[in-house]
1. So if each residue of separation counts as 0.36 nm, and I subtract the Cα-Cα distance between residue 97 and residue 202, what length gain in nm does that give?
2. In whole angstrom, how far apart do the alpha carbon centroids of segment 217-239 and segment 13-91 sit?
3. Restricting the count to DSSP beta bridges whose residues both fall in the chain, what percent are antiparallel, rounded to a multiple of 5?
4. Beta carbons within 10 angstrom, averaged per residue: use that to sort the peptides 12-25, 135-148, 156-169, highest first.
5. Given the DSSP H assignment, sum -39500 (n - 2.57) over each helix run of at least 4 residues in the chain and divide by its residue total; what's the result at 222 nm in deg cm²/dmol, nearest 500?
6. Between residue 22 and residue 169, what is the label-point separation in nm under the 7 Å Cα-to-beta-carbon projection?
7. Tell me, what is the percent relative contact order of the chain, built from C-alpha pairs under 8 Å that lie six or more residues apart?
8. First measure r as the distance between the Cβ atoms of residue 189 and residue 79, then evaluate 1/(1 + (r/R0)^6) with R0 = 25 Å and state the FRET efficiency to the nearest 0.05.
Ligand SMILES: C[S@@+](CC[C@H](N)C(=O)[O-])C[C@H]1O[C@@H](n2cnc3c(N)ncnc32)[C@H](O)[C@@H]1O
């Protein structure tokens, strides 16, 4: 099976670019702007085509963002400079540098099953300087198990038709999405994406075990928190 996002790289921003940018602006960028007081280093996990790096440096030009993704196609397609690319698994990475911020946007961490997310939090704790922050947005259980329980729809852009079929697999507590891209009646490719969700209490407990204390969890579009919202933004601080 081809790895998710290898084939989608070419048309990812055509379909997701605007929504991803809005998500970054409302979510991670808004919280990071309150904490960054000047030049700072940022590691972006599941960075894809580097939408996050662009949004963050547009807002805060003194930031130096390194983009980590397991799909070199996504990093290259987004023109992330080679010296700012790290190709690897966000559930198992080691960095030579320590960072002021680790971020992860547009629900990238939902790609990690619970064990892998726990492992990712351990790697994040190693990658952050003391007092550094982890900031990420994360889709809620409501999205995976209710909104996407059984949902299919198609979008058309520049002659491409992207069909998505979401299905919640209750037995495995995960969401499976099949994406199919067609043009002129021909199927160009098909990818399967599997996503997970960890409840906030468990996530915070595991993070605390690695010295990452939760400062805030909010709905992406407000300062309040409601479990049934689609997307939450977490801010954690390393001891
Ligand atoms: C929804 S996209 C988000 C991309 C980007 N953060 C954005 O805002 O547009 C999820 C990204 O996570 C990456 N990804 C998924 N699982 C990964 C893993 N275990 N390690 C590294 N990257 C991963 C995918 O390759 C993809 O680029």
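Laboratory data are not the source of any read-out in this text; all were calculated from the coordinates shown. This one's a predicted model, so the numbers in the text were calculated from it and none came from an experiment. For neighbour counting, all protein chains shown are included, and Cβ atoms are generated from backbone atoms with ideal geometry for every residue, glycine included.
1. Numbers: separation 105, 0.36 × 105 = 37.80 nm, distance 2.85 nm.
Using 0.36 nm per residue and subtracting the Cα-Cα distance, I get 35.0 nm.
2. 19 Å
3. Working: 41 of 58 bridges.
Counting only bridges with both partners in the chain, antiparallel ones make up about 70 percent.
4. Numbers: 12-25: 17.1, 135-148: 20.1, 156-169: 14.3.
For the peptides 12-25, 135-148, 156-169, the packing ranking is 135-148, 12-25, 156-169.
5. On the way: 6 runs with 61 residues, N = 239.
It comes out at -7500 deg cm²/dmol, rounded to the nearest 500.
6. The modelled label-to-label distance comes out at 3.1 nm.
7. Details: 494 pairs, mean separation 44.5, N = 239.
That works out to 19 percent.
8. Details: r = 22 Å, r/R0 = 0.86.
My answer for the efficiency is 0.70.
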